[in-house]
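Everything below concerns the one structure shown next.
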Amino acid sequence: MDIYKFINIDENSRVPKYQQIVDSVITNISNGNFSIDQKIPSINRFSEEFYLSRDTVEKAYSILKERNIITSIRGKGFYISRTKLISKVNILFLINKLSNYKLRTYNHFINSIGANSHTILHVYHCDETLFLNILEKNKSAFDYFVIMPHFKTEHLKHVSFTEKALKILNKIPKEKLIVLDNLKPNLKGVLGEVYQDFENDIYEALNKVINKVKKYEKLILVYPEKSVYPYPRRILHGFRKFCVEHKLDFEILHKVYEDMILKKGDLFITIEEADLVNLVKQVREDEYTLGSDIGIISYNETPLKELLGITVVSTDFKVMAEIAAQTILDKKKTSVKVPFHIIERDSL
């Protein structure tokens with residue numbers, strides 16, 4: 001086969017032989033030496049030609065198959081299956097849920113990373129098992145891994161990482177790993193960390209509007225205790241810290257109840273959009289004036305909240321995405337806390 005003359009295996013290189021095979025196939029496709037549907041040698045033939053173990057060639061072919069670069073047809077052999085995108089950077093973008101702001105982060109990332117990349121989105125729904133399966137299947141198939149780590153326990157509590165999640169992440173070369181939205185001190189050496197500081201973000205945001213907050217008699221945080229997609233408990237810590245420091249009366253509820261007792265002078269902080277909608281509905285039904293009798297602050301900016309005139313505290317997801325993309329483009333290690341803003345509207 002003519003294909004043999006294009007394959008280069010360097011006996012003196014420190015790069016593993018299987019990786020040399022992968023790199024050589026990709027380079028030759030990029031250079032136009034290999035074309036789509038071109039047959040390549042069988043595993044046995046390849047190992048014999050280059051005096052390599054069958055396991056080495058099999059591992060290389062497995063990686064090429066995972067990346068959809070080659071395909072196998074039973075009874076016929078292996079063929080080049082992809083020539084497009086082969087020279088592009090392949091990125092796995094792994095998020096914990098399909099929320100409005102997570103998707104906006106992904107879209108901002110796509111816009112920032114540019115045309116010379118191919119990004120695949122996967123959602124693991126805060127489920128450790130699904131997370132592990134996705135990474136185990138794809139850990140050799142991508143050039144970079146952009147991951148938002150948020151997990152739930154069997155009791156629907158939030159944890160930033162699990163032992164098994166850390167174990168598999170440590171199998172990914174750190175120069176390929178970018179962690180978004182969360183931060184784990186035990187996960188060192190990653191290419192990029194672009195994170196929120198959940199405790200101090202809420203604390204500092206409320207301090208910026210302390211004069212308006214103090215006109216209310218009671219602060220109520222609606223923190224979903226049993227959410228399908230649990231939220232960091234550091235939000236609770238930051239809220240309590242703020243209230244205690246300023247000697248404010250406060251309460252923590254797990255949801256906005258139907259026919260909830262509202263009192264003039266209440267200021268609510270909501271996290272889930274469903275709670276926000278229910279609360280606004282009850283404020284209107286009880287004929288309270290929003291922003292005067294009852295105050296509302298909500299987590300994370302969305303078009304609905306802007307339309308309703310709801311004050312929000314929100315991470316700048318656009319900046320988060322742009323920094324992550326630039327980290328890959330520059331190939332420079334970075335650890336950045338994302339700006340956190342309070343956007344004041346009529347509800348406060």
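Neighbours of Glu258 by Cβ distance under 12 Å: Lys/Arg scored +1, Asp/Glu scored -1, total -1. Accessible area per residue for the chain, computed on protein heavy atoms with a 1.4 Å probe, is 50 Å².
In this view, the solvent-accessible surface of Tyr195, computed with a 1.4 Å probe and all protein chains in place, comes to about 50 Å².
Relative to its residue count, the range 105-171 spans a Cα convex hull of 94 Å³ per residue. The portion of the accessible surface of the chain made up by carbon and sulfur, rounded to a whole percent, is 48 (1.4 Å probe; DNA, RNA and ligands excluded). Electrostatic bookkeeping for Phe242 treats Lys and Arg as +1 and Asp and Glu as -1; over the other residues with beta carbon under 12 Å from its beta carbon, the sum is +1.
The slack between Ser53 and Lys188, meaning 0.36 nm per residue of separation minus the straight C-alpha distance, is 45.1 nm. Suppose R0 equals 51 Å; then what is the FRET efficiency for Lys214 and Ala115 from their Cβ-Cβ distance, rounded to the nearest 0.05? Efficiency, from the Cβ-Cβ distance: 0.50. In terms of packing, defined here as the mean over residues of other Cβ atoms within 10 angstrom, the peptides 323-336, 264-277 line up highest first as 264-277, 323-336. Computed per residue of the chain from DSSP H runs no shorter than four, each worth -39500 (n - 2.57), the mean residue ellipticity at 222 nm is -11000 deg cm²/dmol. Say the cut-off is 31 Å between C-alpha atoms; which of Lys102/Lys188; Lys208/Lys332; Lys305/Lys332; Lys176/Lys208; Lys137/Lys241; Lys255/Lys333 go over it? Distance filter (> 31 Å) returns Lys208/Lys332; Lys305/Lys332; Lys176/Lys208; Lys137/Lys241; Lys255/Lys333. If a/c stays under 1.5 just call it rounded; otherwise compare a/b with b/c (prolate if a/b is bigger, oblate if not). Do that for the range 199-315, with a ≥ b ≥ c from the square roots of the Cα gyration tensor eigenvalues. The shape class here is rounded. Taking only alpha carbon atoms, the range 267-333 gives an Rg to Rh ratio of 1.22, where Rh is the Kirkwood radius. Using Cβ point charges alone (K and R +1, D and E -1), the dipole size of the chain about the Cα centre works out to roughly 1060 debye. In the chain, Rg over Rh equals 1.11, where Rg is the alpha-carbon radius of gyration and Rh the Kirkwood radius from pairwise Cα distances.
The values are calculated or read from the model by the stated rules, or taken from the named source; none is laboratory data. Not measured: the values here are computed from a predicted model. Positions of Cβ are backbone-derived with ideal geometry, glycine not excepted, and every protein chain shown enters the neighbour counts. Just so you know, the surface numbers come from the protein's heavy atoms only, side chains and all, with ligands and any DNA or RNA stripped out. Shrake-Rupley method; radii C 1.70, N 1.55, O 1.52, S 1.80 Å.
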